[in-house]
Number of protein chains: 4
Amino acid sequence: MIELGANRYGKQSVRLVTVVRGPVHTVRDLTVDLSLEGAFEAAYTAGDNGAVVATDTMKNTVYALAPEHLTGAIEAFGLALAQHFVTAPAVARATVTLREHAWQPLDGPDGPAPDAFRRTGGMTRTAVVTADEVAVSAESGVEDLVVMKTARSAFSGFPRDRYTTLREVRDRIMATRVTATWRHGSPRDDWDKSHATLLRTLLATFADHDSESVQHSIWVMGQALLAADAGIAEVTMRLPNLHHWLVDLEPFGGANRGEIYVATPEPYGLIEATVRRSAGA
Amino acid sequence: MIELGANRYGKQSVRLVTVVRGPVHTVRDLTVDLSLEGAFEAAYTAGDNGAVVATDTMKNTVYALAPEHLTGAIEAFGLALAQHFVTAPAVARATVTLREHAWQPLDGPDGPAPDAFRRTGGMTRTAVVTADEVAVSAESGVEDLVVMKTARSAFSGFPRDRYTTLREVRDRIMATRVTATWRHGSPRDDWDKSHATLLRTLLATFADHDSESVQHSIWVMGQALLAADAGIAEVTMRLPNLHHWLVDLEPFGGANRGEIYVATPEPYGLIEATVRRSAGA
Amino acid sequence: MIELGANRYGKQSVRLVTVVRGPVHTVRDLTVDLSLEGAFEAAYTAGDNGAVVATDTMKNTVYALAPEHLTGAIEAFGLALAQHFVTAPAVARATVTLREHAWQPLDGPDGPAPDAFRRTGGMTRTAVVTADEVAVSAESGVEDLVVMKTARSAFSGFPRDRYTTLREVRDRIMATRVTATWRHGSPRDDWDKSHATLLRTLLATFADHDSESVQHSIWVMGQALLAADAGIAEVTMRLPNLHHWLVDLEPFGGANRGEIYVATPEPYGLIEATVRRSAGA
Amino acid sequence: MIELGANRYGKQSVRLVTVVRGPVHTVRDLTVDLSLEGAFEAAYTAGDNGAVVATDTMKNTVYALAPEHLTGAIEAFGLALAQHFVTAPAVARATVTLREHAWQPLDGPDGPAPDAFRRTGGMTRTAVVTADEVAVSAESGVEDLVVMKTARSAFSGFPRDRYTTLREVRDRIMATRVTATWRHGSPRDDWDKSHATLLRTLLATFADHDSESVQHSIWVMGQALLAADAGIAEVTMRLPNLHHWLVDLEPFGGANRGEIYVATPEPYGLIEATVRRSAGA
């Protein structure tokens, strides 16, 4: 016999830009992914779409709910969307993933322009909100945040086997593109303040610790985030190791005193880990 | 108290090209991702790398093992790698993901060239192999396989709410970029034969069924794959709905009888599901 | 004083998919770029759009003309579009760039399916058509055609200065992603036949020549293309050198007899050249 | 007879990261493309590499010259590289294209960190430097600078033909990803100051003008740049029109007063033009 296992469906990459038109304009720019789980078995096994919320409808709903519900943090908008979708008869769980692309006012001749903006770059704020019939949950985070330490980073003491050629190093460049998410214990009153605190903590901790490895850095940063905000229960980081290799300048008559590097896109290390409050805490 | 949760690390995008140099050359072209789980807590919490297989060593191992072990299917090479890594003291589980980029001989003036090739395109063969201390498991699959039905595809009977504007349609274009994986019950004697059978079945079933939705197509194709190969236990598909919309030609004095479409990259539907043999089977 | 220099504008990435619905369907899939030059100075200097064909209109025109004019080669469709746009009062020159993404019928249970297709991959056919008030011209070509020679490729005899570390090699892998275009002396009766002949010649010549460098290969292939089709006046190739480096296996106790390579994405060599019939020919 | 036409070759995507290690570190991060033209005909027609500077040597040269020559603006480093390459016997012209990826110090607990950085994002500074046997020339610029006007942008008065459906609009969103380059009349004493002035002028002018079209905006910005820096001779801009379309909210019972937009990636308008000092100026 054959049966349906885990399944979900939805709409991806719904692009929403809003302008609030007061004396000074405000721009919001989101990419929203929507995913539903529930009693959709008949759509698979019988070709019966009677319970299937069309993904086109899901897209429309993002635009239709934006005027009323996209007034604060993306987490709040995600909650409104998730709670809307979970009211559909077949839907047991709705997951909304939001990415916010930041824009900042341009400098005009007389100060910040009221109606002209520049894409900020350098980071994307993210949120994942889930609603089922009884509860909601939310994660917040960042992605595409590229950072580098030019000192206070080492990698040594690792085991050597017949395939090991890497030299131990007590002073290397460590660079990574941070994807970090933190799970909230419960919905927050002030998503933006929490996010600002955690981002500032993440960056300051990255800057001001001695790293023995990417793994070690995740632990140090994860601890700092959990200490900075009692409202979060766990932190997950995904840190590629963006290798920067010292260039051998000796053939050209020079020495390389940690000054000239080549950045390489592949292969790259990848370290992923969760740091959390323990059950007994 | 704070503790370490789930964690893993490894090397991504190790690029390996091999040439077997007989009278007729054979080219293999792989991208390999490696990931380890195990007793790595000290690396995080104490900055102690004594158990950490360096990701650089992992990369070297791919090249070092290739001459002896990359002689057949990528699944077999993956097993050799996974079983090698799991012998390291701290490693409880090793996962090897392999993508094979196909090359075919060029036509020379006198038939197939012995030493010149063309990247085939149109599909990537994939495998994910896992080894722990007691067992191995393997999945095989394909990705980036783009297919289209220009008939025998419908989407109707879905519920309508205040945000629904999509019209029901009994004849649409359905296009998707197939990512499919199938889990083997146990290691195979002939990975290549199994893969060829399942790929042929997947494509023939896609071509020759009446689809009520992407969900329905997953079920029909999943059933066909499980029927075609008793050695696989489940099939998982991830099918984006690459929307093709009819262009309104009426403003230009024409009618569009299902002939002129615009292909749009976003937003896109995404349907993911597993079809499996049920426990009692 | 300040003046307007060279300028052009248009619409990029117009995506057009057509289905001809007979007993057996035919799918065409194009990406079209449109660019106009002409008497558009007032749009810049006076903000006067009275002569500016809206790029939205340009997009619509692609769809509106497709039923009647996309019946053969992309070059013919491009000519119809370019000749249409050049009739607008201000337009002195219209350039249409077309990329065709190939689809092939799937194998169904009873032979080729009449209405199901697979994206072919492995190459894109291209054309660039230009019309001005008195003449038309056309180039045809290919892009994203990835090829490799595992023998009969050398690079030696190059000069050595204080920054040269590359070793001379009489036997290397040469791989490239071919972008090639050929300019037709005048419009052709059979674009498709010409394209097939030139593509076959390009591939067979790549396979069956001894290469001293990428530059040398361009010359050999360019000569072959000009010899194969008297209707083309010149050939331009853009060939990145997709480096494959021998992996040093000695630290692992092995030797690398030209069998194990790492493919690297960057940096890469890039060689671009035109081969043409000389004026006196 | 067949002859060689225009040709050039070089190395692309040379990735260079430098660290100056004082009490406060400074990071520079460049991608360098190198291209040579000259008397390379024998390499093509005779397979004779006697004059061919290996692209691997070109890459090495970037690293070898960096310690001494990458001490100021990228334009100055580009000049040093171009002037080096043009001394090779066969080289008639060397072109060096540089992209600088900016990093900014992280905020640590006690102010800016001396040795930790964040990739700035939001813009790439560019330069193209050319040297031949008698002269040098330089362009500077920016790319990937994404900006948006939410007011003071119109598009109306354009001609209407049978394929025109776009409505005239006096108030739209205009968004673009700026690629701008400006050609210097002669090498500058202070590249950085010039760049800062021109970038500030570009942004302030974009913010503070009334736009009748992208074409019109190029003219207004080009004039402002030429006025702001007497040392530049011409400005070239390449501005894609990143369309933001008003979403129709009426089916959902709402009205859209210029607040809810969908951003679309394709198709997109593209406007390219040069604004320059006229010959008689």
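Checking each residue in the stretch C:116-146 for being at the interface with chain B (Cβ under 7 Å from one of its Cβ atoms) and buried (at least 24 other Cβ atoms within 10 Å of the Cβ) picks out C:A116, C:F117.
Among the residues of the stretch A:77-124, which ones are in contact with a Phe, Trp or Tyr (Cβ under 8 Å, 6 or more places away or on another chain) and within 23 Å of D:T150 (Cβ to Cβ)? Residues satisfying the conditions are A:L98, A:W103, A:Q104, A:P105, A:L106, A:A116, A:F117, A:R118, A:R119, A:T120. All conditions in (1) at pLDDT 95 or above; (2) farther than 25 Å from D:V52 by Cβ; (3) surrounded by fewer than 21 Cβ atoms within 10 Å (Cβ to Cβ); (4) within 8 Å of chain B (Cβ to nearest Cβ) hold for C:R152, with the sole exception of (2).
Out of all the residues in the stretch B:92-122, which are among the hydrophobic types (A, V, I, L, M, F, W, C) and in contact (Cβ under 8 Å) with a residue 40 or more places away in the chain?
B:A92, B:A94, B:V96, B:L98, B:A102, B:W103, B:F117
Looking at the structure I just gave you, is B:P89 surrounded by fewer than 17 Cβ atoms within 10 Å (Cβ to Cβ), part of a loop (DSSP other than H, G, I, E, B) and not hydroxyl-bearing (S, T, Y)? Here the answer is yes, as B:P89 does meet what is asked. Quick check on A:A273: is it of a type in the set (G, A, S), within 15 Å of the chain's Cα centre (by Cα), within 28 Å of D:D29 (Cβ to Cβ) and at the interface with chain B (Cβ under 7 Å from one of its Cβ atoms)? Yes; evaluated as a whole, the condition is true for this residue. Suppose the filter is hydrophobic (A, V, I, L, M, F, W, C), closer than 22 Å to D:T274 by Cβ and not in a loop (DSSP other than H, G, I, E, B); does C:A6 pass it? It is true that C:A6 is hydrophobic (A, V, I, L, M, F, W, C), closer than 22 Å to D:T274 by Cβ and not in a loop (DSSP other than H, G, I, E, B). Out of all the residues in the stretch B:207-214, is one or more in contact with a strand residue (DSSP E or B) (Cβ under 6 Å, 6 or more places away or on another chain) and closer than 21 Å to B:E139 by Cα? No, that holds for no residue. Only residues that are buried (at least 18 other Cβ atoms within 10 Å of the Cβ) and either β-branched (V, I, T) or in contact with a helix residue (DSSP H, G or I) (Cβ under 9 Å, 6 or more places away or on another chain) (or both): list them for the stretch A:165-182, please. Scanning the stretch A:165-182 gives A:I173, A:M174, A:T176, A:V178, A:T179, A:A180, A:T181, A:W182. Within the stretch B:109-168, the set of residues being of a type in the set (S, T, Y) and either more than 25 Å from C:T124 (Cα to Cα) or assigned to a strand (DSSP E or B) (or both) comprises B:T124, B:T126, B:T130, B:S137, B:S140, B:S153, B:S156, B:Y163, B:T164, B:T165. Being within 14 Å of chain B (Cβ to nearest Cβ) and either buried (at least 20 other Cβ atoms within 10 Å of the Cβ) or free of Cβ contacts under 8 Å to residues at least 60 places away in the same chain (or both) holds for only one residue in A:P265, A:P251, and it is A:P265.
From the list C:V53, C:V24, the one residue that fits, being closer than 23 Å to B:H243 by Cα and in contact with a strand residue (DSSP E or B) (Cβ under 8 Å, 6 or more places away or on another chain), is C:V24.
Against the numbered list (1) more than 7 Å from every other protein chain (Cβ to nearest Cβ); (2) closer than 30 Å to A:D189 by Cα; (3) of a type outside the set (A, V, I, L, M, F, W, C), A:G111 comes up short only at (2).
Kindly indicate whether any position in the stretch D:157-170 is modelled with pLDDT of 95 or more, in contact with a Leu (Cβ under 7 Å, 6 or more places away or on another chain) and more than 8 Å from chain A (Cβ to nearest Cβ). No, the stretch D:157-170 contains no residue that is modelled with pLDDT of 95 or more, in contact with a Leu (Cβ under 7 Å, 6 or more places away or on another chain) and more than 8 Å from chain A (Cβ to nearest Cβ). When D:A43, D:A51, D:A66 are checked against the criterion of being within 13 Å of chain C (Cβ to nearest Cβ), outside any strand (DSSP E or B) and in contact with a helix residue (DSSP H, G or I) (Cβ under 6 Å, 6 or more places away or on another chain), D:A43 stands alone in meeting it.
Determine whether the stretch C:38-52 contains at least one residue that is of a type outside the set (K, R) and over 19 Å from D:H216 (Cβ atoms). No, the stretch C:38-52 contains no residue that is of a type outside the set (K, R) and over 19 Å from D:H216 (Cβ atoms). When B:K11, B:K59 are checked against the criterion of being among the basic types (K, R), part of a strand (DSSP E or B) and under 26 Å from B:P89 (Cα atoms), B:K11 stands alone in meeting it.
Screening D:T18 against (1) over 27 Å from C:L239 (Cβ atoms); (2) more than 9 Å from every other protein chain (Cβ to nearest Cβ) leaves a single unmet condition, (2).
Residue-wise test of (1) within 14 Å of chain C (Cβ to nearest Cβ); (2) without any contact (Cβ under 8 Å) to a residue 40 or more places away in the chain; (3) of a type in the set (D, E, K, R); (4) not in a helix (DSSP H, G or I).
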residue	(1), (2), (3), (4)
D:A196	no, yes, no, no
D:A204	no, yes, no, no
D:H209	yes, no, no, yes
D:Q215	yes, no, no, no
D:L225	yes, no, no, no
D:A233	yes, no, no, yes
D:T236	yes, no, no, yes
D:P240	yes, no, no, yes
D:W245	yes, yes, no, yes
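If you go through the stretch C:92-108 and keep only what is under 30 Å from B:L199 (Cβ atoms) and assigned to a strand (DSSP E or B), you end up with C:R99, C:E100, C:W103, C:Q104, C:P105, C:L106, C:D107, C:G108. When you check A:R188 against the structure, is it out of contact with any His (no Cβ under 8 Å at 6 or more places or on another chain), touching a residue at least 40 places away in the same chain (Cβ under 8 Å) and surrounded by fewer than 18 Cβ atoms within 10 Å (Cβ to Cβ), yes or no? In short, no. Of everything in the stretch A:32-59, what is surrounded by fewer than 21 Cβ atoms within 10 Å (Cβ to Cβ), on the phi < 0 side of the Ramachandran plot and out of contact with any Ser or Thr (no Cβ under 6 Å at 6 or more places or on another chain)? Give them in sequence order. A:E37, A:A39, A:E41, A:A42, A:T45, A:A46, A:D48, A:G50, A:A51, A:D56, listed by residue number.
Scan the stretch A:71-96 for residues that are closer than 17 Å to A:D190 by Cβ and within 14 Å of chain D (Cβ to nearest Cβ) and the total you get is 2.
Restricting attention to the stretch B:14-40, the residues that are in contact (Cβ under 8 Å) with a residue 40 or more places away in the chain and either over 18 Å from A:Y268 (Cβ atoms) or not in a strand (DSSP E or B) (or both) add up to 11.
Kindly evaluate A:Q83 against the criterion of being under 20 Å from D:W245 (Cα atoms), surrounded by fewer than 22 Cβ atoms within 10 Å (Cβ to Cβ) and at pLDDT 95 or above. So A:Q83 does not fit the description; no. Just one of the listed residues (C:A73, C:A94) is over 28 Å from D:S153 (Cβ atoms), at pLDDT 95 or above and surrounded by 18 or more Cβ atoms within 10 Å (Cβ to Cβ), namely C:A73.
The values are calculated or read from the model by the stated rules, or taken from the named source; none is laboratory data. Keep in mind that this is a model prediction, so the values were computed, not measured. Quick reminder, even Gly has a Cβ in these numbers, built from the backbone with ideal geometry, and neighbours come from all protein chains shown.
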